[in-house]
Amino acid sequence: MRSLHLARSSLACLLACTSAFAAGPLVMEGEVPTEGGFFDVPFEVPPGTVELEVRHDDLASENILDWGLEDPDGFRGYGGGNEEPALVGEKAASRSYLAGPLTPGTWKVTVGKAKIGKTPARYRIEVHLRTKATLTPQPERQPYQPADALSSQPRWYAGDFHVHSRESGDAKAPLDEIATYARGHGLDFVVLTEHNTTSTLDFLVDAQSRHPGLLLVPGIEYTTYSGHANAIGATGYVPPRVNEGITLKEAVDAFRRQGALFSINHPVYDVGDLCIGCAWQLVVPPGGVDAIEVANGGWEKMGRFFSEGAMGYWDWLVSQGHHTAALGGSDDHRAGVDLNFTQSAIGNPTTLVYARELSVAALLEGIRDGRTVVKLQGPDDPMVELTSNVVPTGDTVLAQNTRLSARVTGARGHQVRFVHNGVRLPPVEVTAEDFVVEQDVTAPEHGEDRFRVEVWMNGHPRTVTSHLWVARTADMRGIPGPVPQVTEPRACGCGSAPGWSAGMLALAVLALGRKRRATR
């Protein structure tokens with residue numbers, strides 16, 4: 001009798017649970033905690049669930065909450081400011097999220113407090129659990145494997161280090177449109193940098209098979225509320241909760257363990273709520289960062305406002321002994337179409353990397369060695385190559401004396417100059433299509449010196465190399481020599497653009513709303 005009673009009880013429980021399972025959504029409402037920048041809202045997923053849908057609302061136009069999802073094993077997606085629901089199934093998922101089995105147990109909606117303008121702030125979440133899939137399967141999702149080298153030739157390869165596809169919540173472009181546009185404008189590679197999600201990885205193998213002439217490089221835009229950075233080559237999620245459970249050094253180390261490089265984005269892009277967290281406010285950790293975006297957007301668009309400020313921040317950073325390469329990225333969200341007067345298309349700016357072949361590993365190696373050149377507007381800007389008569393070890397010439405050469409092409413009628421430890425040396429007029437200027441250098445007795453080359457057009461830099469460092473011995477690497485002190489610039493690169501009034505600047509900044517949803 002006891003066994004029969006237990007069986008009846010178990011059956012009654014199963015029927016009740018099944019009834020509740022199918023009855024309706026889980027509804028969770030509450031006040032946003034006042035402490036910290038993030039909080040989690042847990043919910044239970046029962047066995048037999050094959051798909052779930054999370055609907056979310058921050059309930060006030062003055063507030064912006066960012067939304068993500070974790071299962072019992074970890075990351076399942078990050079939609080950020082996506083306003084549409086998040087759907088996750090076994091064989092498909094909505095953009096920004098990962099498909100796969102739905103492990104029973106405690107899941108979490110992860111919530112970031114991007115902006116709280118009205119208090120007390122509230123939220124509402126509905127979770128719909130399904131035993132039958134509604135999403136069409138996505139057979140194009142495949143485990144990511146780096147593509148074989150698209151070219152075995154050692155040379156300069158042109159690309160864009162900051163491109164968003166539709167897997168970023170604030171972007172629209174499919175991968176095919178990105179690849180077609182980039183290749184059509186002479187690029188060899190693009191880096192896909194989605195906001196805090198790895199969902200693009202599932203589609204890269206399929207897309208790469210249709211675009212053999214353009215290398216699709218994985219990446220993540222590590223988007224925090226105190227600064228953005230690209231993790232170039234990243235294939236794994238790292239929580240963006242800097243100083244709330246993870247330090248910046250731990251985040252950088254986590255990306256580097258994946259083989260990725262960490263590059264600060266738009267460091268002086270201080271435009272308040274129009275681009276939340278865009279200006280770099282974090283302390284660079286010991287060990288530094290691998291690269292920095294000295295140009296975000298083409299010079300003729302927003303670059304004229306911010307690129308020189310970003311280069312000033314770069315100079316300050318390297319003056320601390322960090323060997324940090326220069327990169328540029330368009331921050332394109334639309335595959336080059338339907339752009340307004342502030343938005344830059346893929347390839348504007350263009351970054352050249354000297355690599356032994358066109359592969360992800362070789363491009364990362366080239367950046368580590370400082371073999372980069374940034375054309376601040378785009379592919380048609382002048383080119384400059386900085387070399388030494390003593391072969392460098394990585395990005396450092398180990399010699400007491402050396403001769404540096406800058407070979408400039410496509411800059412006749414403009415100027416070229418060396419920059420020594422952040423100090424711009426007198427310009428030299430470029431008088432030929434293929435022009436060389438040289439600089440004899442003696443390494444300091446203690447520490448290291450650094451040199452880069454800039455091509456100037458119309459009174460402003462237009463093409464910039466990374467640095468070659470000069471030291472007598474390897475143990476002097478990373479030790480600043482006796483150079484002028486460089487002060488840390490404040491986080492604003494605006495106000496120096498020629499021909500732009502304050503009103504025009506204000507309109508330009510207002511148009512930056514495409515970078516981050518500021519209102520409903």
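Scan segment 308-347 residue by residue and report those that are part of a helix (DSSP H, G or I), under 18 Å from GLN377 (Cα atoms) and touching a Gly at 6+ places or on another chain (Cβ under 7 Å).
GLU308, GLY309, ALA310
Give the residues of segment 183-208 that are charged (D, E, K, R) and surrounded by 21 or more Cβ atoms within 10 Å (Cβ to Cβ), sorted by residue number.
Of everything in segment 183-208, those that are charged (D, E, K, R) and surrounded by 21 or more Cβ atoms within 10 Å (Cβ to Cβ) turn out to be ASP188, GLU194.
Mind listing whichever residues of segment 451-478 are closer than 15 Å to GLN439 by Cα and part of a loop (DSSP other than H, G, I, E, B)?
Residue satisfying the conditions is HIS467 alone.
Looking only at strands (runs of 3 or more DSSP E) that fall completely inside segment 15-94, which ones have 3 or more residues that are touching a Lys or Arg at 6+ places or on another chain (Cβ under 6 Å) and at pLDDT 95 or above?
In segment 15-94, the matching strands (runs of 3 or more DSSP E) lie at 38-45, 64-71.
If you scan segment 30-82, which residues turn out to be out of contact with any Asp or Glu (no Cβ under 7 Å at 6 or more places or on another chain), farther than 19 Å from PRO240 by Cα and among the β-branched types (Val, Ile, Thr)?
Passing the criteria: VAL45, THR49, VAL54.
Run ALA234 past the list (1) under 13 Å from the mean Cα position of the chain (by Cα); (2) part of a loop (DSSP other than H, G, I, E, B); (3) touching a residue at least 40 places away in the same chain (Cβ under 8 Å) and report the number of the one that doesn't hold.
(3) is the only condition that ALA234 fails.
Can you tell me which residues in segment 337-358 are open to solvent by less than 20 Å² (accessible area, probe 1.4 Å) and out of contact with any strand residue (DSSP E or B) (no Cβ under 7 Å at 6 or more places or on another chain)? Steps first, please.
Filtering segment 337-358 for residues open to solvent by less than 20 Å² (accessible area, probe 1.4 Å) gives 342-347, 349-353, 355, 358.
Selection gives THR342, GLN343.
Checking the condition of a type in the set (S, T, N, Q) and open to solvent by less than 10 Å² (accessible area, probe 1.4 Å), which residue from THR134, THR224, THR119, THR180 passes? Before the answer, list the steps.
Details: THR134 fails: open to solvent by less than 10 Å² (accessible area, probe 1.4 Å); THR119 fails: open to solvent by less than 10 Å² (accessible area, probe 1.4 Å); THR180 fails: open to solvent by less than 10 Å² (accessible area, probe 1.4 Å).
Of THR134, THR224, THR119, THR180, the one residue that is of a type in the set (S, T, N, Q) and open to solvent by less than 10 Å² (accessible area, probe 1.4 Å) is THR224.
Within segment 95-107, take every residue that is of a type outside the set (D, E, K, R) and outside any strand (DSSP E or B) and give me the one that is surrounded by the most Cβ atoms within 10 Å (Cβ to Cβ). Step through it out loud before you land on a result.
In the first step, residues of segment 95-107 are kept if they are of a type outside the set (D, E, K, R); the result is 96-107.
Of the ones still in play, those that are also outside any strand (DSSP E or B) are 96, 98-104.
Numbers: SER96: 27, LEU98: 19, ALA99: 22, GLY100: 17, PRO101: 12, LEU102: 23, THR103: 14, PRO104: 14.
Ranking the qualifying residues of segment 95-107, first place goes to SER96.
Failed condition for GLN145, given (1) polar (S, T, N, Q); (2) touching a residue at least 60 places away in the same chain (Cβ under 8 Å); (3) under 18 Å from VAL32 (Cβ atoms), with all others met?
All conditions are met except number (3).
When segment 359-391 is examined, which residues are found to be buried (at least 24 other Cβ atoms within 10 Å of the Cβ) and part of a strand (DSSP E or B)?
THR372, VAL373, VAL374, LYS375, VAL384
Filter segment 227-266 down to the residues that are open to solvent by 10 Å² or more (accessible area, probe 1.4 Å) and among the polar types (S, T, N, Q) and list them by number.
THR235, ASN243, THR247, GLN258, listed by residue number.
List, please: which pairs have Cβ atoms under 8 Å, are six or more places apart or on different chains, and start with a residue in segment 350-372 that is acidic (Asp, Glu) and end with one that is crowded, with 24+ Cβ neighbours inside 10 Å and at pLDDT 95 or above?
GLU365/ALA355
When both residues are 6+ apart or on different chains and their Cβ atoms are under 6 Å apart, which pairs have a first residue that lies in segment 99-124 and is of a type in the set (S, T, N, Q), and a second that is crowded, with 21+ Cβ neighbours inside 10 Å?
Short answer, once both residue conditions are applied: THR103/ASP71; THR110/GLY68.
Return the pair list, or none, for Cβ contacts closer than 8 Å from residues in segment 204-215 that are basic (Lys, Arg) to residues that are surrounded by fewer than 20 Cβ atoms within 10 Å (Cβ to Cβ) and assigned to a helix (DSSP H, G or I), at least 6 apart or on different chains.
ARG210/ASP176
For segment 274-295, which residues satisfy the criterion of being in contact with a strand residue (DSSP E or B) (Cβ under 6 Å, 6 or more places away or on another chain) and not in a loop (DSSP other than H, G, I, E, B)?
ALA291, ILE292, GLU293, VAL294, ALA295
Which residue is modelled with the lowest pLDDT, if the candidates are limited to segment 296-305 and must be part of a helix (DSSP H, G or I) and open to solvent by less than 10 Å² (accessible area, probe 1.4 Å)? I'd like the intermediate steps shown before the answer.
Looking only at segment 296-305, we keep the residues that are part of a helix (DSSP H, G or I), and these are 299-305.
Then keep just the ones that are open to solvent by less than 10 Å² (accessible area, probe 1.4 Å); that gives 302-303, 305.
Values: MET302: 89, GLY303: 93, PHE305: 94.
This residue is MET302.
Matching residues to (1) touching a residue at least 24 places away in the same chain (Cβ under 8 Å); (2) β-branched (Val, Ile, Thr); (3) buried (at least 22 other Cβ atoms within 10 Å of the Cβ); (4) under 20 Å from THR324 (Cβ atoms):
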position: THR431; (1), (2), (3), (4): no, yes, no, no
position: ASP434; (1), (2), (3), (4): yes, no, no, no
position: GLN439; (1), (2), (3), (4): yes, no, no, no
position: ARG452; (1), (2), (3), (4): yes, no, yes, yes
position: TRP456; (1), (2), (3), (4): yes, no, no, no
position: VAL470; (1), (2), (3), (4): yes, yes, yes, yes
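Limited to segment 278-307, what total is found for residues that are closer than 16 Å to GLY378 by Cα and not aromatic (Phe, Trp, Tyr)?
Of the residues in segment 278-307, 12 are closer than 16 Å to GLY378 by Cα and not aromatic (Phe, Trp, Tyr).
The values are calculated or read from the model by the stated rules, or taken from the named source; none is laboratory data. For clarity, every value in this text was computed on a predicted model and none was experimentally measured. Cβ coordinates were reconstructed from backbone atoms using ideal geometry, including for glycine residues, and neighbour counts include every protein chain displayed. Accessible surface areas use protein heavy atoms only, side chains included; no ligands, DNA or RNA. Shrake-Rupley method; radii C 1.70, N 1.55, O 1.52, S 1.80 Å.
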